[in-house]
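Visitor: Here it is, the structure in full.
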Amino acid sequence: QINEVDKTFNGGMSNFLAKHPLDSISVSAPSAAGSAQGTYQTHSQKLTVKSVKKISEPWMLEGTVAVARGQKTDSKKDMQDATFTHELGHHVAFTVIKNSPGGPDGIFKKSIIDSYQKDKKKVSDYAKTEPHEYFAESFTAYHFSPGSLSSTAKKMVEDVMKRAGELS
């Protein structure tokens, strides 16, 4: 999946991960009778995507998968890929915010918060929950279904990736 995301960002994801590697990536095989859930732990930079029988998040309907929550699918692999990309988006945002002028309270955190507050056409219900999920959902949609993004969200993802040194 990293290779697919890498194509979206013109080879930038491989470069980004070479400079800012995850400490651990754990992905279980898609389950035929289940769904996928992911986590990204900022303190350990650990990304996990696992198959589960039931989604524990109330915002996601069991049996229906939303790839970047903008495009419906029933494919377990698509859901797992979208979940992985979403969690990777958290890693990108966390790394850029942490390494930007002003650190964790600097300009890029404020930029994400400003976009979150300004954007009236968020890509998903989950994107409406808080700014970090808004970025991760927008990052995922940028890869899977860029037409579902508002211009605000698209610019935010591109700005963060430019800051990461990945897009020209």
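The values are calculated or read from the model by the stated rules, or taken from the named source; none is laboratory data. Remember, it's a predicted structure, so these values are computed and weren't measured experimentally. Cβ placement follows ideal geometry from the backbone for every residue including glycine, while neighbour counts extend to all protein chains displayed. With ligands, DNA and RNA removed, areas are computed over all heavy atoms of the protein, side chains included. Shrake-Rupley method; radii C 1.70, N 1.55, O 1.52, S 1.80 Å.
Visitor: Given H placed on each backbone N at 1.01 Å, which residues far from residue 36 in sequence or on other chains put an amide H within less than 5 Å of it?
Guide: When sequence neighbours closer than 5 places are left aside, the close amide H contacts are 52.
Visitor: Over 19 Å between Cα atoms, which of 121/155; 120/162; 46/98; 121/162 qualify?
Guide: On the way: 121/155 14 Å; 120/162 24 Å; 46/98 16 Å; 121/162 23 Å.
Checking Cα-Cα distances, 120/162; 121/162 exceed 19 Å.
Visitor: Compare the peptides 133-144, 103-114 by average per-residue count of other Cβ atoms within 10 angstrom and give them in order, highest first.
Guide: Working: 133-144: 26.9, 103-114: 15.7.
Highest to lowest by the protection proxy: 133-144, 103-114.
Visitor: Anything over 25 Å Cα to Cα? Flag those among 50/109; 109/154; 50/118, in the order listed.
Guide: Beyond 25 Å: 50/109; 50/118.
Visitor: How large is ³J(HN,Hα) for each residue in the range 39-50, as worked out from phi by the Karplus curve 6.51 cos²θ - 1.76 cosθ + 1.60 (θ = phi - 60°), to whole Hz, x for Gly and Pro?
Guide: Karplus-based 3J(HN,Hα) across the range 39-50 equals 9, 10, 9, 5, 5, 10, 6, 10, 10, 10, 10, 10 Hz.
Visitor: Let me ask something additional. Which number do you get for Rg(Cα) / (2.2 N^0.38 Å) in the range 87-147?
Guide: 1.08
Visitor: Let me ask another. How large a share of the accessible area of the range 83-168, in percent, is made up of carbon and sulfur atoms when the probe is 1.4 Å and the other protein chains stay in place? Please report the intermediate quantities before stating the final value.
Guide: Details: 1940 of 3670 Å².
Taking all protein chains in place, the range 83-168 shows 53 percent carbon and sulfur surface.
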